[in-house]
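In what follows, a single structure is set out as structure tokens and then discussed.
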Amino acid sequence: MAQIGYSKKVMEHFLNPSNVGTIENSDGYGKVGNPVCGDLMEMYIKVKDDIIIDIKFKTFGCGSAIATSSMVTEMVKGMHIDDALKITRDDVADELDGLPPRKMHCSNLAADALHEAIKDYKRKKEKKSP
Ligand code: FES
């Protein structure tokens, strides 16, 4: 298989992604589209005491989007939501030992969908509190 420009880690996450799927009754849900290519990403989180205890994603994106989402879900499991909000697409790409420059836009989907899911969780939490 051609692996031009992709690190070994990207290929591993693309071929064997972690945390694919959905979470029923999730505490936060984020959906974003990529303006560059039109691909879509959905992210679901389960949160306890502001810690992400479970996370799943579903995407209609390319291999890089799958690899970056898989990576980001592994990175944030067990993390406080405020720390997870600070994760950028560059952090994810670094963790994967880099992405080819023309595929960097793909990693936006993973980071943005995660941020949207956390914001959704925070909105719901605010509504619940008196
Ligand atoms: Fe669309 Fe990568 S080409 S997410």
Just for the range 59-71: of the residues that are buried (at least 17 other Cβ atoms within 10 Å of the Cβ) and touching a strand residue (DSSP E or B) at 6+ places or on another chain (Cβ under 8 Å), which one is modelled with the lowest pLDDT?
GLY61
Quick check on HIS105: is it surrounded by 14 or more Cβ atoms within 10 Å (Cβ to Cβ), more than 11 Å from the chain's Cα centre (by Cα) and not hydrophobic (A, V, I, L, M, F, W, C)?
yes
Taking the conditions exactly as written (in contact with a strand residue (DSSP E or B) (Cβ under 7 Å, 6 or more places away or on another chain), β-branched (Val, Ile, Thr) and under 26 Å from LYS122 (Cβ atoms)), does VAL20 satisfy them or not?
yes
With ASP49, ASP54 as the choices, which residue is over 15 Å from the mean Cα position of the chain (by Cα) and more than 15 Å from the ligand (Cβ to nearest atom)?
ASP49
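The values are calculated or read from the model by the stated rules, or taken from the named source; none is laboratory data. The model shown is predicted, which means the values in this text are computed figures rather than measured ones. All Cβ positions, even for glycine, are placed from backbone atoms using ideal geometry, and neighbour counts span all protein chains on display.
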